[in-house]
1. With under 19 Å from the mean Cα position of the chain (by Cα), aromatic (F, W, Y), within 24 Å of R166 (Cα to Cα) and in a strand (DSSP E or B) as the only criterion, which of F40, F78 stands out?
2. Looking at E46, E76, which is the one that is under 30 Å from M169 (Cβ atoms) and surrounded by fewer than 16 Cβ atoms within 10 Å (Cβ to Cβ)?
3. Could you list, in sequence order, all residues of segment 151-168 that are surrounded by 17 or more Cβ atoms within 10 Å (Cβ to Cβ) and over 22 Å from G82 (Cα atoms)?
4. Would you pick out the residues in segment 19-33 that are more than 20 Å from G43 (Cβ to Cβ) and crowded, with 17+ Cβ neighbours inside 10 Å?
5. Among the residues of segment 188-201, which ones are over 13 Å from N122 (Cβ atoms) and either surrounded by fewer than 23 Cβ atoms within 10 Å (Cβ to Cβ) or at pLDDT below 95 (or both)?
6. Determine whether segment 203-217 contains at least one residue that is loosely packed, with under 14 Cβ neighbours inside 10 Å, part of a helix (DSSP H, G or I), charged (D, E, K, R) and at pLDDT 95 or above.
7. Which members of segment 10-37 meet the condition of being free of Cβ contacts under 8 Å to residues at least 60 places away in the same chain, outside any helix (DSSP H, G or I) and of a type outside the set (D, E, K, R)?
8. Only residues in segment 243-257 that are closer than 15 Å to A135 by Cα and among the aliphatic types (A, V, I, L, M) count as the first member; pair them with residues that are at pLDDT 95 or above and part of a loop (DSSP other than H, G, I, E, B), Cβ under 7 angstrom, at least 6 apart or cross-chain, and list the lot.
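The values are calculated or read from the model by the stated rules, or taken from the named source; none is laboratory data. Source: prediction; values computed, not measured. Cβ coordinates were reconstructed from backbone atoms using ideal geometry, including for glycine residues, and neighbour counts include every protein chain displayed.
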Amino acid sequence: MKARIISYMGEGEELQRKRLAWHNQQLDWLLERGLEVVVFDQGYRENWYRTDPAITYARYKGPLLRPGPARNPLLEDFYASGETWTVMADNDAVLLDQMDGHAIFGLLPEVAENIHIFSPINGAVRGYPWKDEPAFFEHYLVFERYVELKGSFWFLRQPPAPLWFRDMMIGEDGDFVFQAVMAGLGVFQCHNIALREFAGQASTLFDAETRRRVHAEGKAFFADTYPGMRFEKGKLHKKDFITRYWQGPRSHTIRKP
């Protein structure tokens, strides 16, 4: 199995030093779990490349791309590979090793057929479900419908037809899963795994005011693009869209082998 990562270290020596260190931690974590890695690198210095044969670099030399367009060459590589699953990630994220963070890659054959995209929980937002029922989670994988996506680290099953990212200021991850739902593909969150981001909140693309503005513009775009969505009073309402397009069960509890 391969992990496919977009990697840009940002501007300035201090930020680049930190991000390179986080990325190397990520690479070590993935390699220790037996994954191969494909990196879409942007703005790399020659001494940032690693020589491990399990790591392939795009060695991209074009203009700087936003995250959505940067992921598309990795998707193209995945779609052409014949592989069933891939991990898509930013360059500073892994999974917590608690519960199934260390084992999920070997459990992918058990995942239900209508699950095409799934992401880990963000423990900082919702806590860790397995702490309340450790004996249950030891024996079962739990997936719930979750029509959101934080692109830091997620799993993608080979879709029947290719899906692509748009070039957006913000919201490209949400747009990708909305496309998937319209195509009849299931988008879920797995409650057995949790995200770990080395960078945390160390950097952001926008200041708070700009972030609010581009979020609102993105939500308005979704409301204009996807039937059943409404953008009212700063909130994107997706219920009618989901009702119209969702196919298959909205949750799965799968016994581990």
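1. Values: F78 fails: in a strand (DSSP E or B).
Sole residue among the options that is under 19 Å from the mean Cα position of the chain (by Cα), aromatic (F, W, Y), within 24 Å of R166 (Cα to Cα) and in a strand (DSSP E or B): F40.
2. After applying the criteria, what remains is E76.
3. Applying the first criterion (surrounded by 17 or more Cβ atoms within 10 Å (Cβ to Cβ)) to segment 151-168 yields 151-157, 159, 163, 165, 168.
Matches in segment 151-168: G151, S152, M168.
4. W29, L30, R33
5. So the first thing to find is which residues in segment 188-201 are over 13 Å from N122 (Cβ atoms), and the list is 188, 192, 198-199.
Residues satisfying the conditions are F198, A199.
6. no
7. G12, V37
8. Within 7 Å, the pairs are I254/A112.
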